[in-house]
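The values are calculated or read from the model by the stated rules, or taken from the named source; none is laboratory data. All values reported here derive from a predicted model rather than from experimental measurement. Cβ placement follows ideal geometry from the backbone for every residue including glycine, while neighbour counts extend to all protein chains displayed. With ligands, DNA and RNA removed, areas are computed over all heavy atoms of the protein, side chains included. Shrake-Rupley method; radii C 1.70, N 1.55, O 1.52, S 1.80 Å.
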Amino acid sequence: MTNRKFTLWRHARLATLAPPSGWGLIEDGALLTEGDRIAWLGPDAQLPVDLAGHEMQEHDLQGALLTPGLIDAHTHLVYGGDRAAEFELRLQGATYEEIARAGGGIRSTVAATRAASDEALFALAVPRARALMAEGVTTLEIKSGYGLDESTEARCLAVARRLGLELPLTVRTTSLGAHALPTEFAGRADDYIEAVCAWLPGQHAAGLVDAVDVFCDTIGFTLAQTRRVFDAARALGLPVKLHAEQLSNQEGAALAAQYQALSCDHLEHLSSAGIAAMRQTGTVAMLLPGAYYFLRETKLPPVAALREAGVPIAIATDHNPGSSPALSLLLMLNMACTLFRLTPEEAWRGVTLNAARALGLGDRGTLAVGQRADLAVWDAEHPREMAYRFGHNPCRRVVCSGIERLA
Ligand code: DI6
Ligand code: FE
């Protein structure tokens, strides 16, 4: 018999968050990992007896809380510069749309990103990723969208991939060339969309893309332009997502659902037709309280209707320099509850199981046998405490793919 290697986490309070609902609490629980997978979990008193003879590393968690690792499934983490001056302008009364239309906003970050070397972009992104990781994030989605030309978009996606290779976490990349119209294409949005579609096969062939996204809005791209990008993604077999109904209702969610979108994101202005379409395809509603808060939006996403329709809800930081410079997924848990009236359990599901769904990942987001061993250990008695406190990080240990990473 081959000698198998296990790691055993004992005397923990487990919150499995296993579907369909409930925290899935197991008091004085134990969890066994083998390699990168969860091999067993249950009450400590029922530990399997046939482990003798195998190599076993054992940790006594002394009653600490053990949950799935967190998943931040919507970020724009790779960019140059910052927009603190724009924040001051907004405080003096300028709106986000006015700044964008005047050539600031996303386009000012594009200039700073194009001017930055790969090494500089990587060096800027690492501490952002580490800040998220310190709160138990084990999977991170990163979008491009601040290059807006073929080479800088590819460079940003490659930097995102490198983060996943050099840091102990999973990175999923999303190509968002259709984020804003670069100045060199002013007045020629259709031509720009044609260029974006033409880059995709090269990005895909280089292994840089896990999904394709579009910003569909009055300051972004039209439904027809979105459809063209989605057709190009579909031709390559790539899943799509959509920045939909953030500042206005374009019925983008219904279009995205026609393309079996993994998620529609933002959704403050989502219509009931959009909800019905998302329900049909199981598309995840990705709510982004950081952007809602930072832009001082007043229109709430239709949480009650989403809940009633059974549309899975996810939560993310939307980390970006313009509308959500947030680097705390735990703060988003709190904001999802206080601003959007999610229950703490819904918010937790939103950064675990439903966030995994929004990335098309079926192997994580709950504690269950066969799932990836992505785990977080917390100095807390109950996961609702993380939705309750804010500005506090009780994360004590993190395991990614079966290996404990150092803080
Ligand atoms: N919606 C957003 O909130 C971000 N992108 C988008 O399409 C904002 C990006 C930025 O302002 O830099
Ligand atoms: Fe975003």
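Side notes on the structure shown:
- Residues considered: Arg234, Arg227. Of these, the only one that is open to solvent by 20 Å² or more (accessible area, probe 1.4 Å), more than 16 Å from ligand 1 (Cβ to nearest atom) and touching a helix residue (DSSP H, G or I) at 6+ places or on another chain (Cβ under 7 Å) is Arg227.
- Only listed residue being away from ligand 2 (no atom under 16 Å from the Cβ) and either buried (at least 21 other Cβ atoms within 10 Å of the Cβ) or free of Cβ contacts under 8 Å to residues at least 40 places away in the same chain (or both), chosen from Ala368, Ala336, Ala356, Ala380: Ala356
- Within region 177-195, the set of residues being touching a Leu at 6+ places or on another chain (Cβ under 8 Å) and either within 16 Å of ligand 2 (Cβ to nearest atom) or not assigned by TED's automatic domain parsing to the domain that holds Ala224 (or both) comprises Gly177, His179, Ala180.
Residues are listed down the side, and each one gets a yes or a no for (1) part of a strand (DSSP E or B); (2) more than 12 Å from ligand 2 (Cβ to nearest atom):
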residue: Cys264; (1), (2): yes, no
residue: Leu270; (1), (2): no, yes
residue: Ala276; (1), (2): no, yes
residue: Gln280; (1), (2): no, yes
residue: Ala285; (1), (2): yes, yes
residue: Ala291; (1), (2): no, no
residue: Leu300; (1), (2): no, yes
residue: Ala314; (1), (2): yes, yes
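- Taken over region 21-62, the criterion of being over 29 Å from the mean Cα position of the chain (by Cα) and part of a loop (DSSP other than H, G, I, E, B) is satisfied by Leu47, Pro48, Val49, Asp50, Leu51, Ala52, Gly53, His54, Gln62.
- Inter-residue pairs, beta-carbon under 6 Å, first more than 20 Å from Val49 (Cα to Cα) and in region 5-27, second among the hydroxyl-bearing types (Ser, Thr, Tyr) and not in a strand (DSSP E or B), 6+ apart: Thr16/Thr366; Leu17/Thr352; Leu17/Thr366; Ala18/Thr366; Gly24/Thr16
- Within region 310-331, the set of residues being open to solvent by 20 Å² or more (accessible area, probe 1.4 Å), among the aliphatic types (A, V, I, L, M) and away from ligand 1 (no atom under 16 Å from the Cβ) comprises Leu331 only.
For every residue, the table says whether it meets (1) within 11 Å of ligand 1 (Cβ to nearest atom); (2) assigned to a helix (DSSP H, G or I); (3) at pLDDT below 95.
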residue: Leu77; (1), (2), (3): no, no, no
residue: Gly80; (1), (2), (3): no, no, no
residue: Gly93; (1), (2), (3): no, no, yes
residue: Glu97; (1), (2), (3): yes, yes, yes
residue: Arg107; (1), (2), (3): yes, yes, yes
residue: Val110; (1), (2), (3): yes, yes, no
residue: Ala120; (1), (2), (3): no, yes, no
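- Residue in region 268-302 that is surrounded by the most Cβ atoms within 10 Å (Cβ to Cβ), counting only those that are within 16 Å of ligand 1 (Cβ to nearest atom) and basic (Lys, Arg): Lys299
- Region 140-171, subset out of contact with any Phe, Trp or Tyr (no Cβ under 7 Å at 6 or more places or on another chain), under 30 Å from Phe185 (Cα atoms) and among the acidic types (Asp, Glu), residue surrounded by the most Cβ atoms within 10 Å (Cβ to Cβ): Glu141
Conditions tested, residue by residue: (1) of a type in the set (S, T, N, Q); (2) in contact with a His (Cβ under 7 Å, 6 or more places away or on another chain).
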{"residue": "Phe221", "(1), (2)": "no, no"}
{"residue": "Thr226", "(1), (2)": "yes, no"}
{"residue": "Gln260", "(1), (2)": "yes, no"}
{"residue": "Gly290", "(1), (2)": "no, no"}
{"residue": "His319", "(1), (2)": "no, yes"}
{"residue": "Ala326", "(1), (2)": "no, yes"}
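- Val212 being surrounded by 18 or more Cβ atoms within 10 Å (Cβ to Cβ), in a strand (DSSP E or B) and touching a helix residue (DSSP H, G or I) at 6+ places or on another chain (Cβ under 8 Å): yes
- Here region 1-33 is the region considered, the condition is being surrounded by fewer than 21 Cβ atoms within 10 Å (Cβ to Cβ) and among the aliphatic types (A, V, I, L, M), and the residue that is modelled with the lowest pLDDT is Met1.
- Only a single criterion out of (1) in a helix (DSSP H, G or I); (2) more than 16 Å from ligand 2 (Cβ to nearest atom) is not satisfied by Ala253, namely (2).
- Leu262 vs. criteria assigned by TED's automatic domain parsing to the domain that holds Gly93, farther than 30 Å from Arg396 by Cβ, crowded, with 24+ Cβ neighbours inside 10 Å and of a type outside the set (Lys, Arg): yes
- Only listed residue being in contact with a strand residue (DSSP E or B) (Cβ under 6 Å, 6 or more places away or on another chain), away from ligand 1 (no atom under 16 Å from the Cβ) and closer than 23 Å to Gly105 by Cα, chosen from Leu157, Leu169: Leu157
- Filter result (aliphatic (A, V, I, L, M) and either modelled with pLDDT of 95 or more or more than 16 Å from ligand 2 (Cβ to nearest atom) (or both)) within region 200-222: Leu200, Ala205, Ala206, Leu208, Val209, Ala211, Val212, Val214
- Residues (open to solvent by 40 Å² or more (accessible area, probe 1.4 Å), away from ligand 2 (no atom under 16 Å from the Cβ) and touching a helix residue (DSSP H, G or I) at 6+ places or on another chain (Cβ under 8 Å)) located in region 104-139: Ser108, Arg114, Asp118
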